[in-house]
């Protein structure tokens, strides 16, 4: 009888260890089933709400038009826009997922960071202001505001705002059109515009934009609210 | 006038129909089988440039000897293979000899495709005949001297090329033979999953025993599921899951394998995936790898443990268990414990998403740490991961991290 009990106890013990081995480990973390959790790879650099960082490498994504963000992600994936870690990160993702991720950041509404304002001479400031608000007709350069909105907050659904971005990021992006590390779908209107700018122009425009105050309503303008002076392959379908 | 016009139109229509027949003469079943085999062989991956037309070539395959741009294999007559006969196509696949007699470089894995049956190669030909034809001239290889001398290939072939179709082993099951055929032939798994010697041949280590992929600098795991093998803790279902969805209970596909899953293996039938797993289960045990115990890593381990607790344990668990279906376990994960350490280093630096597949449409991702951790910290945490729980792989040195921090990530 005691032998039987002993056997039964042993059997029970064996069964329970067997069960323990198959049960989920008790210290397995609990992971929320949210998009935010899934895209930790994005938010590690761009911030949980896409608020961006203080440096020139991880720009703000929050509140940018969804169409613009999707296109940038696709351009990284398809080799039009170059930045190694971004190209690597988006390569295994498809359009549906990129659209969802872009939607997440487009929907974020968080305060803008302030960035250090670069020092400008009066002449630089004047040239920057001219390029941003008036353009340079003689050189075929339209004003930034002509497409990016009168307050530079961008236009739904495809045109990004130019506010709240650090000088280094802005000047690097303008420069990258010249070095062919950033391209857009043809006709690449930004490439055309940048080809008409001197290094000093790029610097002045970037500095002026970086020092531009954040408007009270920083949201992109409504779709169709600008008449673009150039045709851009990256705008519209 | 009107009659001759009608006659002309009729002749034209007849001509078009005939031309149509000439194009679409291939047996539809053969075309479909060819499509499947071309997918299993992941032909499109190499023969398509980034953002380019499918099969029109132009992607540069990096080798230690220089870049080799893939050719246009659409049926454009002037720039593709539209003028090739089935015999000529078979010669290239089976013997690595091009239509004009050029000896092809083994960046084109004819050393594996030679195992494919004639009927299967013909089916791939039939399928390629249905792909949209693209006019795109081939680029010249960018090989450095002396590798630029094609004539060297005849000596290379003598040394390293073993021609011949797969011969089924009657003592094994049909599934095993199918798996062996897919792995050794169209799947050309051995072309990454083994070490290459200084002349780029895959003969210096056992088949499928794992190796560093030249230029790309990712370590392709040992595929043995037996004792000491890289997949020793995988069950058959884990292999099937990983190939079908990009993730499994034991590990997640990343780097070049993520692309292989996304472009190729996710589309294979469940029977074929099970057959592949059946074959892998028969690979022999491997000798115990070097554990690097001659190096005192205790200080690095202590620092690494702290970094792990701060930055990794929230997702991978304090015991490296991961979260089923979400984050891979790090304990007993062959990619973590591979001999070189490059996979762990690069994943810590760059993070990344699991590939989007039909079975995993919204994958989770790992954040990059390159912007957060110093080279020493990356060395410490990867050393900790590689030597904790059931893992016992050599520690990672700071110079290794330095080297791979600057490796291009694509």
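None of the figures in this text is laboratory data; all of them are computed from the coordinates on show. These numbers come from a predicted model, not from an experiment. Glycine gets a Cβ as well: all are built from the backbone with ideal geometry, and neighbour counts include every protein chain shown.
Using the Stokes-Einstein relation with a Kirkwood hydrodynamic radius computed over Cα pairs, the translational diffusion coefficient of segment B:187-343 at 10 °C and a viscosity of 1.306 mPa s comes to 95 µm²/s. Measuring nothing but alpha carbons in segment B:174-280 and taking Rh as the Kirkwood radius, the Rg to Rh ratio lands at 0.94.
Helices in chain B, meaning DSSP H runs of at least 4 residues, each add -39500 (n - 2.57). Divided by all residues, the mean residue ellipticity at 222 nm is -11500 deg cm²/dmol. Using a simple spin-label model with pseudo-atoms 7 Å out from Cα toward Cβ, residue B:166 and residue A:108 lie 4.8 nm apart. When A:216, B:296 are arranged by Cβ crowding within 10 Å, least crowded first, meaning fewest neighbours, the order is A:216, B:296. Entry for the protein assembly as shown at q = 0.12 Å⁻¹: log10 I(q)/I(0) = -1.32, Debye formula applied to identical alpha-carbon scatterers, no solvent contribution.
Per residue of peptide B:354-362, the mean number of Cβ atoms on other chains within 10 Å of the residue Cβ is 3. Per-residue ellipticity at 222 nm, computed for chain A from helices alone with -39500 (n - 2.57) per DSSP H run of at least four residues, works out to -13000 deg cm²/dmol.
Multiplying the residue separation of residue B:358 and residue B:291 by 0.36 nm and subtracting their alpha-carbon distance yields 20.3 nm. For chain A, modelled as a GNM whose springs connect Cα atoms under 10 angstrom apart, the maximal fluctuation among A:127, A:77, A:38 occurs at A:38. A convex hull fitted to the Cα coordinates of segment B:48-206 yields 128 cubic angstrom per residue.
Helix B:375-386: angle to the longest alpha-carbon principal axis of chain B, degrees 0 to 90, nearest 10? The helix B:375-386 is inclined about 90 degrees to chain B. With respect to chain A, whose longest principal axis is taken over its alpha-carbon atoms, helix A:2-22 is tilted by about 10°.
Axis of helix B:236-245 versus longest Cα principal axis of chain B: the two differ by about 60°, to the nearest ten degrees. Annotation: extensible slack from residue B:142 through residue B:98 equals 14.0 nm (criterion: 0.36 nm per residue apart, minus Cα-Cα distance).
Seen through its C-alpha gyration tensor, with square-root eigenvalues sorted a ≥ b ≥ c, segment A:71-113 comes out oblate because a/c lies at 1.5 or above while a/b is not bigger than b/c. Look at the stretch B:325-336: the mean tally of other chain Cβ atoms within 10 Å of its residues' Cβ atoms is 1. Largest GNM mean-square fluctuation among B:318, B:240, B:336, using chain B with Cα springs under 10 Å: B:318. Cut-off 16 Å, label point 7 angstrom out along Cα-to-Cβ of residue A:139: give me the residues of segment A:202-220 whose amide nitrogen falls inside. Only A:202-209 fall inside the zone, counting backbone N under 16 Å. Shielding of peptide A:83-96 by partners, expressed as the average count of other chain Cβ atoms within 10 Å per residue Cβ, is 6. Put in line by how crowded their Cβ is, counting other Cβ atoms within 10 Å and starting with the fewest, B:94, B:193, A:196 read A:196, B:94, B:193.
Share of Cα-Cα pairs in chain B beyond 31 Å, in percent? Of all Cα-Cα distances in chain B, 44 percent exceed 31 Å. Based on Cα atoms of segment B:298-405, Rg over Rh with Rh as the Kirkwood radius reads 0.96. Please work out the C-alpha center-to-center distance from segment A:143-172 to segment B:20-78 and express it in whole Å. Segment A:143-172 and segment B:20-78 have Cα centres spaced 42 Å from each other. With neighbour counts taken as other beta-carbon atoms within 10 Å, the residues B:37, B:199, A:209 rank, fewest first, as B:199, B:37, A:209.
Counting only Cα atoms, chain A measures 106, 35, 32 Å along its principal axes, largest extent leading. Each listed q (0.26 Å⁻¹) maps to a log10 I(q)/I(0) for segment B:119-197, found by the Debye formula over equal Cα scatterers with no solvent: -1.19. Overall, the anisotropy analysis places segment B:203-249 in the oblate class: the square-rooted eigenvalues a ≥ b ≥ c of its C-alpha gyration tensor yield a/c not less than 1.5, with a/b not exceeding b/c.
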